[in-house]
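The values are calculated or read from the model by the stated rules, or taken from the named source; none is laboratory data. Worth saying up front: this structure is predicted, and the values here are computed from it rather than measured. Neighbour counts run over all protein chains shown; Cβ positions are idealised from the backbone, glycine included.
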């Protein structure tokens, strides 16, 4: 198992060791002791899963305040472009984003600490996305930023005409609107 740092402090890519043979494969997708040894101590309280088709973009979402969530995200079928935006005001990478392709094939996972907005877009025909969170969802603490905010300038790797959003995500405001609420 390896933990690889990203250009954004505390945002870590986890690559499990995959054992393959003629029958298939096996890997540990999470091991509390391994994560603790890497200095990643989270008390995950809930697992979530979504299934989406090509071009579906879910994000950029977060929970504010005492309901903030750290997430360990992965893909078990298909592939996505996963994006995390650093919203920690005291961070040297404040308002910077990082993206990585997560797929069932590459087995990579992204550990996203509290203080980040998160989203993903499906790159394959469909994808199953799973994630662990360290705090329960609270509707009153839900917030987000429009995926296409010009200040973030995220390349989602999918044509604008192919992007599919939920009604809720269509209503997300700009980064400036978000920052003015902080």
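I'd like to know if segment 103-112 contains one or more residues that are in contact with a helix residue (DSSP H, G or I) (Cβ under 8 Å, 6 or more places away or on another chain) and loosely packed, with under 15 Cβ neighbours inside 10 Å.
No: zero hits.
For segment 168-177, which positions are farther than 16 Å from residue 55 by Cβ and out of contact with any strand residue (DSSP E or B) (no Cβ under 7 Å at 6 or more places or on another chain)? Explain how you work it out, then say what you get.
Taking segment 168-177 as the starting set, the residues that turn out to be farther than 16 Å from residue 55 by Cβ are 168, 171-177.
Hits for segment 168-177 are 168, 171, 173, 174, 175, 176, 177.
Could you please give the count of residues in segment 121-167 that are assigned to a loop (DSSP other than H, G, I, E, B) and closer than 26 Å to residue 180 by Cβ? I'd like the intermediate steps shown before the answer.
Of all residues in segment 121-167, those assigned to a loop (DSSP other than H, G, I, E, B) come to 123-125, 134-138, 145-159, 163, 165-166.
Subsequent filtering for residues that are closer than 26 Å to residue 180 by Cβ retains 135, 137-138, 145-156, 163, 165-166.
Within segment 121-167, residues that are assigned to a loop (DSSP other than H, G, I, E, B) and closer than 26 Å to residue 180 by Cβ number 18.
On the basis of being more than 19 Å from residue 13 (Cα to Cα) and touching a residue at least 40 places away in the same chain (Cβ under 8 Å), does residue 134 make the cut?
Details: more than 19 Å from residue 13 (Cα to Cα): no; touching a residue at least 40 places away in the same chain (Cβ under 8 Å): yes.
Considered against the rule, which asks whether it is more than 19 Å from residue 13 (Cα to Cα) and touching a residue at least 40 places away in the same chain (Cβ under 8 Å), residue 134 comes out as no.
Can you work out which of the residues in segment 34-51 that are touching a strand residue (DSSP E or B) at 6+ places or on another chain (Cβ under 9 Å) and assigned to a loop (DSSP other than H, G, I, E, B) is surrounded by the most Cβ atoms within 10 Å (Cβ to Cβ)?
That would be 42.
Cβ-Cβ under 9 Å, sequence separation 6+ or interchain: first residue in segment 7-25 and at positive phi and assigned to a strand (DSSP E or B), partner loosely packed, with under 10 Cβ neighbours inside 10 Å and modelled with pLDDT under 95. Which pairs?
Every condition considered, no pair remains.
When segment 80-102 is examined, which residues are found to be surrounded by fewer than 18 Cβ atoms within 10 Å (Cβ to Cβ) and either without any contact (Cβ under 8 Å) to a residue 12 or more places away in the chain or assigned to a strand (DSSP E or B) (or both)?
Listed by number, the residues that qualify are 90, 94, 101.
If I filter segment 17-29 for residues that are surrounded by 16 or more Cβ atoms within 10 Å (Cβ to Cβ) and either out of contact with any helix residue (DSSP H, G or I) (no Cβ under 7 Å at 6 or more places or on another chain) or closer than 30 Å to residue 180 by Cα (or both), do I get at least one hit?
Looking only at segment 17-29, we keep the residues that are surrounded by 16 or more Cβ atoms within 10 Å (Cβ to Cβ), and these are none.
For segment 17-29, residues surrounded by 16 or more Cβ atoms within 10 Å (Cβ to Cβ) and either out of contact with any helix residue (DSSP H, G or I) (no Cβ under 7 Å at 6 or more places or on another chain) or closer than 30 Å to residue 180 by Cα (or both): absent.
Applying the selection to segment 52-71, what residues are part of a helix (DSSP H, G or I) and in contact with a strand residue (DSSP E or B) (Cβ under 9 Å, 6 or more places away or on another chain)?
At the first step, the residues of segment 52-71 found to be part of a helix (DSSP H, G or I) are 65-67.
Once the filter is applied, which keeps residues that are part of a helix (DSSP H, G or I) and in contact with a strand residue (DSSP E or B) (Cβ under 9 Å, 6 or more places away or on another chain), segment 52-71 yields only 67.
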